Amino acid sequence: MLVKCENRSNPTSLRVQAAGLTSIMDTRQKVLLVDDEPDLLQMYGQILTQLPSKPEIRTASSGSRAMAMLESEPYRLLISDLKMPKMDGLQVLSIVRRKYPQLRTVALTSVVDEHFRARAYALGVDLFWQKPATEQEINLFLECLESLLGPETDNGFRGIQSKSLVDIIQLECISQSSSVLRITNGQSTGKVWIQDGEVIDSEAGELVGEAAFQRISSWRAGHFETLPPEPSRPRTIFKSYSGLLLESAQAIDESRSAEAQDALGSESSPALTNISRVDGVEFVLLLNGKESQPASRGLENPTNVATWAKETLQSFQSVGERLQAGPVQHLHCFGIQRNVALSAQGEKQLCVGWQHSLSRDQIREGMKRIEASWVS
């Protein structure tokens, strides 16, 4: 949008207003994107404009140009391609880590190379990412970048500060990666082996397999490093990653939300447990209009989901009233990353997350079974 402003009677006022606008614009965070291919630089620059925080996006077509721009003004985030002529991305990241230790960094590459991955994390990058191609990959990439643009926090892990370890492992599995995650939490260290998008083994101290995975997934903060895969690693975990992560999230919920569960009554816990055991369920959330705290299984932070569920049901309830179609009973929401079904029975509301691989018919049938037991 182009806006033309004239104020001939009081030009000083116009200058003050313009100065105020410049001051506001200067508060926006700056992101520097570096890539030697002009077409990719333009394409990914456009993708970054979708970031919710709306940072200023600057671009550089070479490592030397990027270094000059970093010296001229402060930046919040640097995203650099790895394979570039003269000064490659690893050289840029190495210099940046020494000169600008507070600058958050992302290594971006079009070639899956575990050697590059290991070197990048050794340099202290916050995130190593293969250039996204699909809509799902782009959304995940933007979500991770947005977290890096956010404030420092004591929770979360390096590279995805607002995410739990369960989220990080889920990202690796969704992308069908093969890698070893080494996680450090204070004096404790653990490893998770991922092969072709499935968790095959884990160890933490004296624990191995599922027991080790459960301990590691309970850690709320620390550092993680992605190491090259080990194809010869014997498999000790045979559950699907979605089932494994659901059990981990349930264990976290049970250990951290005992008071919230009690507030909803003794019947909520058995209902949650039974629903969460249905094949294909990733999470379940129970809401009672009279209670302020939701009861959940499989959600690290159920408050945001509860707010969305309530607002969504209220919005469609209003539509139903205007159309005189009666009260809303069911809502099925199908998205790129997750499928969600909502159901309402009086003041009680149910929100169930389903595996994305399930068809709509499978989800509908699953909800019928769940609602039958929930209502009874």
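The values are calculated or read from the model by the stated rules, or taken from the named source; none is laboratory data. Keep in mind it's a predicted model, so treat the numbers as computed, not measured. Counting neighbours? That spans all protein chains shown, and the Cβs are built from the backbone with ideal geometry, glycine included.
Of note, Thr22 satisfies the criterion of being more than 19 Å from Leu148 (Cα to Cα), modelled with pLDDT under 90, surrounded by fewer than 12 Cβ atoms within 10 Å (Cβ to Cβ) and among the polar types (S, T, N, Q).
The set of residues in region 308-327 that are out of contact with any strand residue (DSSP E or B) (no Cβ under 7 Å at 6 or more places or on another chain) and under 15 Å from Gly353 (Cα atoms) contains only Trp308.
Going by the conditions given, is Gly197 over 30 Å from Ser80 (Cα atoms) and at pLDDT 80 or above? No; evaluated as a whole, the condition is false for this residue.
Among all residue pairs at least 6 apart or on different chains, which show Cβ distances below 9 Å where the first residue, located in region 184-196, is assigned by TED's automatic domain parsing to the domain that holds Ile169 and within 17 Å of Tyr241 (Cα to Cα) and the second is part of a loop (DSSP other than H, G, I, E, B) and acidic (Asp, Glu)? What qualifies is Trp193/Glu230; Gln195/Glu230.
Condition test on Ser72, is it of a type in the set (S, T, N, Q) and at pLDDT below 85? No. State yes or no: is Leu342 surrounded by fewer than 19 Cβ atoms within 10 Å (Cβ to Cβ), modelled with pLDDT of 80 or more and touching a Leu at 6+ places or on another chain (Cβ under 6 Å)? Criteria not met by Leu342. Does Phe213 satisfy the condition of being at pLDDT below 80, within 25 Å of the chain's Cα centre (by Cα) and not assigned by TED's automatic domain parsing to the domain that holds Gln136? Considered against the rule, which asks whether it is at pLDDT below 80, within 25 Å of the chain's Cα centre (by Cα) and not assigned by TED's automatic domain parsing to the domain that holds Gln136, Phe213 comes out as no. Beta carbons closer than 8 Å, at least 6 apart along the sequence or on distinct chains, pair a first residue in region 56-82 that is touching a residue at least 24 places away in the same chain (Cβ under 8 Å) and closer than 10 Å to Asp35 by Cβ with a second that is basic (Lys, Arg) and part of a loop (DSSP other than H, G, I, E, B) for Ser62/Lys86.
Is at least one residue of region 87-103 assigned to a loop (DSSP other than H, G, I, E, B), farther than 22 Å from Gly150 by Cα and assigned by TED's automatic domain parsing to the domain that holds Asp36? Taking every residue of region 87-103 in turn, at least one turns out to be assigned to a loop (DSSP other than H, G, I, E, B), farther than 22 Å from Gly150 by Cα and assigned by TED's automatic domain parsing to the domain that holds Asp36.
Out of the residues in region 221-276 that are under 13 Å from Ala295 (Cβ atoms) and of a type in the set (A, V, I, L, M, F, W, C), state the one that is modelled with the highest pLDDT. Per the criteria, the residue is Ile275. Candidates in region 25-48 are the residues that are modelled with pLDDT of 90 or more and loosely packed, with under 11 Cβ neighbours inside 10 Å; of these, the one that is farthest from Gln91 (Cα to Cα) is Gln46. Filter region 201-218 down to the residues that are part of a strand (DSSP E or B) and free of Cβ contacts under 8 Å to residues at least 24 places away in the same chain, then identify the one that is surrounded by the fewest Cβ atoms within 10 Å (Cβ to Cβ). Out of the qualifying residues, it is Leu207.
Matching residues to (1) at pLDDT below 80; (2) in contact with a Lys or Arg (Cβ under 6 Å, 6 or more places away or on another chain); (3) in a strand (DSSP E or B):
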position: Leu299; (1), (2), (3): yes, no, no
position: Trp308; (1), (2), (3): no, no, no
position: Phe316; (1), (2), (3): no, no, no
position: Glu321; (1), (2), (3): yes, no, no
position: Leu331; (1), (2), (3): no, no, yes
position: Ile336; (1), (2), (3): yes, no, no
position: Asp361; (1), (2), (3): no, no, no
position: Arg364; (1), (2), (3): no, no, no
position: Glu371; (1), (2), (3): yes, no, no
